[in-house]
Amino acid sequence: MNRSVTVRAPGKINLQLAVGPVGDDGYHPLATVFQAVDLYETVTATERDDNEIVITVEASRSLGIDPATVPTGADNLAARAAVALREAYGVEAGVSLHIRKGVPVAGGMAGGSADAAAALLACAEVWDLGATREGLHEVAATLGADVPFGLHGATAVGLGRGSDLSPAMARGEFHWVLATQSSGLSTPEVYAMFDTLHDAEADAASGTAPSDPRISQDIMTALMAGDAVRLGDALSNDLQPAALVLAPHLERVLGAALEAEALGVMVSGSGPTVAALARSRQHALAIAAHLRAAEVADTVLAASAPAPGATIIAAP
Ligand code: C5P
């Protein structure tokens, strides 16, 4: 029997996403606060007798995820994670990676990055690489800005492209409602619209061109106190205006969450998922019911946070 290891890794929301002016490398410097939510991607890595990397995807339709929207070729981020790990550790083994999706696709919640994080840990175990978390983190950072956080989980500050992580102190549990849309937004297009909006503002000499991004003290204080009301007031996302230009119907989602007395609401990351903060689990269910009745989103999920990072849940 070929060995199998199963790992799960969480999706995330950005409690703050401060975006600076685009750099020469085409990337925007970020100051962000990530929080992992208890919606998980599950990846099972199984040894192979050849050196192929084979991806299969299973997705829960009840979560509004269509498996056909997930690429299974070499450009799948979990496949790229396996290749990068093989190169970093000088091995030639193959692996079958079965991905069970629980995080909305193309929603700004880093589901693909969670696949990559889970694949790194699962392959490292199945190939018996003796890798450390730091070793996996180094490979993760080469795969995308959100992949290291998929390994890390919990609540963390991300600088640079978002992959320079340090843990944030957070007390207690926060209750979120996530409203997803079946048609995604493209991350590069949202950043390009961010540039367009800021160029327009600079032309109008309104003086609000993006400056160096900084972490909000209000967010850090609210997290440390476990104060959901304060956190709700402090949520911010510099990409939200750009996401709203590209997907104006998201205004209705934001409005409906406020009608249900969410403590705060924002577009998550580059969107189009909208995250609303609730006072309690009960309140999250009430907000979710209101959003469903308003028919402003394709799927509405309640989730708790912070959730742990990539974790082995089954091994031989
Ligand atoms: O990190 P990821 O590969 O998802 O980024 C996709 C694209 O989004 C990049 O090629 C870039 O155009 C844009 N991006 C950016 N600044 C960031 C992250 C992404 O401009 N910090």
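The values are calculated or read from the model by the stated rules, or taken from the named source; none is laboratory data. In this text, all values refer to a predicted model and were calculated from it rather than measured experimentally. Neighbour counts are summed over all protein chains in view; Cβ atoms, including those assigned to glycine, are modelled from backbone coordinates with ideal geometry.
The table for this structure:
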read-out: Flag if Gly11 is touching a residue at least 60 places away in the same chain (Cβ under 8 Å) and either crowded, with 24+ Cβ neighbours inside 10 Å or not assigned by TED's automatic domain parsing to the domain that holds Val267 (or both); value: yes
read-out: Residue match in region 87-99 (condition: among the aromatic types (Phe, Trp, Tyr), more than 27 Å from His28 (Cβ to Cβ) and modelled with pLDDT of 95 or more); value: yes
read-out: Boolean, Thr32 is among the hydroxyl-bearing types (Ser, Thr, Tyr), within 16 Å of the ligand (Cβ to nearest atom) and at pLDDT 95 or above; value: yes
read-out: The lone exception for Leu120 - which of (1) modelled with pLDDT of 95 or more; (2) surrounded by fewer than 20 Cβ atoms within 10 Å (Cβ to Cβ) it fails; value: (2)
read-out: Condition check for Ser186: modelled with pLDDT under 95 and within 20 Å of Val245 (Cα to Cα); value: yes
read-out: Residues of region 99-131 that turn out to be touching a Lys or Arg at 6+ places or on another chain (Cβ under 6 Å) and within 12 Å of the ligand (Cβ to nearest atom), as a count; value: 1
read-out: Options Gly271, Gly309; residue that is on the phi > 0 side of the Ramachandran plot and crowded, with 16+ Cβ neighbours inside 10 Å; value: Gly271
read-out: Criterion violated by Glu134 - all others in (1) farther than 30 Å from Ala262 by Cα; (2) of a type outside the set (A, V, I, L, M, F, W, C); (3) within 16 Å of the ligand (Cβ to nearest atom); (4) in the same structural domain as Ala36 (by TED's automatic domain parsing) satisfied; value: (3)
